[in-house]
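Student: Take this structure first; my questions come after.
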């Protein structure tokens, strides 16, 4: 585990405080205020009550975690520890854990559809957008993953990815804005109106059952402990952004349909 907390506990600048705010609200709500948790429609679309991934097709822009990296191994250790905590609390059967080889940061959601006509159009437009962006030689953004995983929208539990510096966030927002500009409004999930609303995260598991008051109390107790013992899990370098097709939350096409390669990060930045 990476023990340094300089990028989690440092003095918070305005841009980082604004970036953190949405998930701080989510943490306050789901870790402290909510007393029970119904199963959300989004979670029910992705997993059945037995924890089996349902068909769920679409396209996303993602950067996968490198399995050989320290951050991957640290996230794996935290996930295994939390899973044991859930087992001890007799609530593990309420979650569907994603296989580690699916762990990624979503740079932009695009479409959820099995309509190949729509998919083909999105692939064509993203490919053209990547060609334009490639000549800009953008520097690879850097993020830190956090160990205090948090409930997101009552649907999943995620490790937050926080930008190392403001420029990393600016670059991701610029890429999202340019992608949004390639499509008619509302054609894909990322739009000019929401392009700057990026919340980096790696999804660890989904809820697959509702929680009554007693079971949710046990869950909150565990999550609150991690809130008080947060650490940095290490750095994620967004060296490339891949356009990937998925057919469920556990089935991602092995080869990207398009790829944007980003320049190695410079210490002079």
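Student: Given a Förster distance of 25 angstrom, what is the FRET efficiency for residue 178 paired with residue 255, based on the Cβ-Cβ distance and rounded to 0.05?
Tutor: With a Förster radius of 25 Å, E is 0.60.
Student: Going 7 Å from the Cα of residue 69 toward and past its Cβ, which residues in the range 195-229 have a backbone nitrogen under 17 Å from where you end up?
Tutor: 199-204
Student: With a 10 Å Cβ neighbour count serving as the proxy for reagent exposure, in which order, fewest first, do 218, 176 appear?
Tutor: On the way: 218 15, 176 21.
By the 10 Å Cβ count, ascending: 218, 176.
Student: Taking just the alpha-carbon atoms of the range 21-64, what radius of gyration and Dmax come out, in angstrom?
Tutor: Final numbers for Rg and Dmax: 14.3, 35 Å.
Student: Scattering from the C-alpha atoms of the range 53-189 alone, worked out with Debye: what is log10 I(q)/I(0) at q = 0.18, 0.22 1/Å?
Tutor: -1.20, -1.43
Student: Test of understanding: express the Cα radius of gyration of the range 163-244 as a ratio to 2.2 N^0.38 Å, with N the residue count.
Tutor: 1.52
Student: Further, regarding this structure: What fraction of the DSSP beta bridges in the chain is antiparallel, stated in percent and rounded to the nearest 5?
Tutor: Of the beta bridges lying entirely in the chain, close to 100 percent run antiparallel.
Student: Moving on. Ranked by Cβ crowding within 10 angstrom, fewest neighbours first, how are 240, 189 ordered? All intermediate terms of the calculation are to be shown ahead of the outcome.
Tutor: Values: 240 14, 189 17.
Least to most surrounded, the residues fall as 240, 189.
Student: Then there's this: What's the FRET efficiency of residue 54 with residue 117 using the Cβ-Cβ distance as r and R₀ = 25 Å, to the nearest 0.05? Walk me through the intermediate numbers first.
Tutor: Working: r = 23 Å, r/R0 = 0.92.
Once rounded, the FRET efficiency stands at 0.65.
Student: Next question. Can you work out D for the range 27-122 in µm² s⁻¹ from Stokes-Einstein, where Rh is the Kirkwood radius over C-alpha pairs, the temperature is 10 °C and the viscosity is 1.306 mPa s?
Tutor: Using the Kirkwood radius from Cα pairs, D works out to 98 µm²/s.
Student: Here is a further query. Roughly how far apart, in whole Å, are the Cα centres of the range 23-47 and the range 102-141?
Tutor: 29 Å
Student: Another question, then. Largest first, please: the extent of the C-alpha atoms of the chain along each principal axis, to the nearest Å.
Tutor: So the three principal-axis extents are 54, 45, 34 Å.
Student: In 5 Å bins starting at 0, how do the alpha-carbon pair distances of the range 64-112 split up by percent?
Tutor: 5, 17, 22, 20, 16, 13, 6, 1
Student: By what distance, in whole Å, do the Cα atoms of the range 127-269 stretch along each of the three principal axes, largest value first?
Tutor: The principal-axis extents, from largest down, are 55, 38, 31 Å.
Student: Which distance in nm do the two modelled labels at residue 135 and residue 40 give, with both placed 7 Å along the Cα-to-Cβ direction?
Tutor: Rounded to a tenth, the inter-label distance reads 4.0 nm.
Student: For the range 75-151, what log10 I(q)/I(0) values come out of the Debye formula at q = 0.13, 0.18, 0.21, 0.24 1/Å, with one point per alpha carbon and no solvent?
Tutor: Taking Cα atoms of the range 75-151 as identical point scatterers yields -0.71, -0.95, -1.06, -1.20.
Each value in this text was obtained by applying a stated rule to the coordinates, not by laboratory testing. Please read all numbers here as calculations on a predicted model, not as lab measurements. Ideal geometry is used to build each Cβ from the backbone, glycine not excepted, and the neighbour counts take in all protein chains shown.
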